[in-house]
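Accompanying notes for the structure given below.
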Amino acid sequence: MRSSLHFRQAFISQFGLLFKDWRTTVITGFILVLLSLIAGWIPDGLTAIVFDGEREKGIKMLSFSLVLLALLLLFGWWVSKRGNFDVNVKRPEKKKVLILFLSPVRGREEDLALLKELSFQAVDSSPFRSWEMPLRAVAYHAERLEKLIVLTSPQSSQQFPLFKKLLTSFFKENLRLLPILERAEEVRVNDFEDIEEVFGALNAIYKRLVREGYKDKEVILDVTGGQKTVSIAGAFMTLYRGREFQYISTNDKESIKSYDVEFAPED
């Protein structure tokens, strides 16, 4: 399924308020009818002028279509002044499902034995530095966590078994969490820079989680790891109402923030 369809679904989920009552539904339907007429009259007008030799008819159709389009744009501008996107930033609630992106590291299996202690500080000063943030994300949600899903690139996929070994070693004293981490799922992505592919992979994950009985509010997507493109795709994915993404700042690693973006009409 192409990402354009996913984006339309996200848009619809955010603007469901356009159908909240009979009046807004009628207005929305009227606008959609006008848009369909405009979409038909413009090519018909061009065909009448260029191919059918009906210049006058074609000009009238094009002129009327452009006037309607201008009026709809003005109406859209007016509506935009009556509402805005509300970004709710907070410390996230503990979730049952954590989805995160895995970056490759320089570390090897033998480097695990060289860690003097299993702490965030020790990992940060080791060849596994890029994996400190995923460890912090898991630690934050450890109390309720039931499922961990990790998206990997071709490079980090080769290191996924090593990442799981670090996870299980780091949280070996948490007997409830340990089997969950041992069953951590890997979702391979061919190219982290391909937003469409990343978006499609995330969409498939969310759909599967719904089938497994998880609600969107029980799932959170961590966009700290990976490249900027996967962070963008992750942020777009959470435009669906009720979904959140989280980010751990490198300037304040103890501060984990979640972001929930919604369209809020003005009173």
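The combined condition, being within 22 Å of the chain's Cα centre (by Cα), of a type in the set (Val, Ile, Thr), assigned by TED's automatic domain parsing to the domain that holds Thr238 and within 28 Å of Glu117 (Cβ to Cβ), is fulfilled by Thr152. Here the condition is being more than 18 Å from Phe101 (Cα to Cα) and charged (D, E, K, R); of Lys164, Lys217, it holds for Lys217 alone. Screening the candidates Ser36, Ser63 for the property of being surrounded by 10 or more Cβ atoms within 10 Å (Cβ to Cβ), at pLDDT 80 or above and out of contact with any Phe, Trp or Tyr (no Cβ under 7 Å at 6 or more places or on another chain) yields one hit, Ser63. The set of residues in segment 231-267 that are within 11 Å of the chain's Cα centre (by Cα) and modelled with pLDDT of 80 or more comprises Arg243, Glu244, Phe245, Gln246. Taking segment 103-167 and the helices (runs of 4 or more DSSP H) fully enclosed by it, the elements with 2 or more residues that are under 26 Å from Phe199 (Cα atoms) are at 132-141, 154-157.
The values are calculated or read from the model by the stated rules, or taken from the named source; none is laboratory data. Fair warning: this is a prediction, and the values are worked out from it, not measured in the lab. All Cβ positions, glycine included, derive from the backbone under ideal geometry; neighbour counts span all protein chains shown.
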